[in-house]
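I have placed the structure first, in the form of structure tokens, so that the comments after it can refer back to it.
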Amino acid sequence: MGVLFGLWNVIQLILNMIQILIFASVIASWLDADPRNRFVQMIHTITEPIYRMVKPITRHIPGPIDWAPFLILLIIVFLERTGGYYFGRPGF
């Protein structure tokens, strides 16, 4: 059980880092950040492939908002809650 719990902690850390990058991506898009900035390029390089996985689903939602970050965040929260339950540590 210790190895699985340790593995779950690593997975949670990765999911939390992805969440932070998604929030940074959304804020950068709101602030119209300079696309030549290295930090903005790094965020875009990491988050865009993640968004591409759900873009076929979210492109059919009408409106001016890109729903891909929101859907990815919902998936991450679902994984954290269900994974925590599966590995014996329920999410809160």
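Cβ-to-Cβ counts within 10 Å put 81, 36 in ascending order as 36, 81, the fewest first.
Just how large is the dipole of the chain about the Cα centre, in debye to the nearest 20, putting +1 at every Lys and Arg Cβ and -1 at every Asp and Glu Cβ? Write out the running numbers ahead of the final one.
Values: 7 positive and 5 negative charges, 35 e Å.
Result for the chain is approximately 160 debye, rounded to the nearest 20.
When only Cα pairs below 8 angstrom with a gap of at least 6 residues are kept, the chain shows a relative contact order of 29 percent.
Remark: the range 54-63, residue by residue, has Karplus-estimated 3J(HN,Hα) of 10, 4, x, 7, 7, 5, 8, 7, x, x Hz, where x stands for each Gly or Pro and the curve is 6.51 cos²θ - 1.76 cosθ + 1.60 at θ = phi - 60°. Counting only Cα atoms, the chain measures 46, 32, 21 Å along its principal axes, largest extent leading.
Any read-out appearing in this document is the output of simple, stated calculations on the displayed coordinates, not a laboratory observation. For clarity, every value in this text was computed on a predicted model and none was experimentally measured. No Cβ is skipped: glycine too gets one built from the backbone with ideal geometry, and neighbour counts run over all protein chains shown.
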